[in-house]
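The values are calculated or read from the model by the stated rules, or taken from the named source; none is laboratory data. Since the model is a prediction, treat every value here as computed from it, not as a measurement. We place every Cβ from the backbone using ideal geometry, glycine too, and count neighbours over all the protein chains shown. With ligands, DNA and RNA removed, areas are computed over all heavy atoms of the protein, side chains included. Shrake-Rupley method; radii C 1.70, N 1.55, O 1.52, S 1.80 Å.
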Amino acid sequence: MTIFDLQLKAELENVTNLAPKEDEEEAYTWFIKFQCCGCRETTENFVSVNIKESRAISGSRGDAHLVMTCKFCKRENSASLCGPAAAYATSDQYATIVQIECRGIDPVEFSPRGDWRAASTVSDAKFEF
């Protein structure tokens, strides 16, 4: 079991608290490419991981937010998000926005799809994009 920090670095101008849009009803879906630790093969497409979705791990009493079988070595691997996304507030510095606990796979690429939000530093305006 390894916990990876997904870190973001952005240049923010007059905005702060950049974060994926999440609320009680709907969680952000993360799109990530993973690499199998057994055969080192990387997923061809981005795989979706959502904290509100849970799947049983075969041969275990546990569950994970993502359970997948490697196409090449047929190994079952899993990943779980360690909590909700954190807001990015500091411009031009790396900051962890989410932690991912992986078993048998390593995250190698992230695609920032979906809705995001930010707040203005010069007014009370809130932005969703």
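The charge dipole of the chain, taken about its Cα centre with unit charges on the Cβ of Lys, Arg, Asp and Glu (plus for the first two, minus for the last two), comes to roughly 660 debye. Along the axis of the charge dipole computed for region 9-129 (Cβ charges of +1 for Lys and Arg, -1 for Asp and Glu, origin at the Cα centre), the listed residues Ile51, Gly83, Cys73 are led at the positive end by Cys73.
Lacking any other cysteine beta-carbon closer than 4.7 Å, the following Cys residues of the chain have no compatible partner: Cys37, Cys82, Cys102. For Ile57, the accessible area of its heavy atoms, probed at 1.4 Å with every protein chain present, is near 30 square angstrom. What separates the Cα centres of region 1-30 and region 99-126 is a distance of 2 Å. Computed with a 1.4 Å probe over protein heavy atoms only, the accessible area of Glu26 comes to about 130 Å².
Shown here: Rg and Dmax of the Cα atoms in Å, derived from the displayed model; of the candidates (i) 52.5, 167; (ii) 16.2, 54; (iii) 14.7, 56, it corresponds to (ii). For region 1-83, chymotrypsin sites (Phe, Trp or Tyr not before Pro) meeting the loop criterion (DSSP other than H, G, I, E, B) and having at most 15 other Cβ atoms within 10 Å: Phe46, Phe72.
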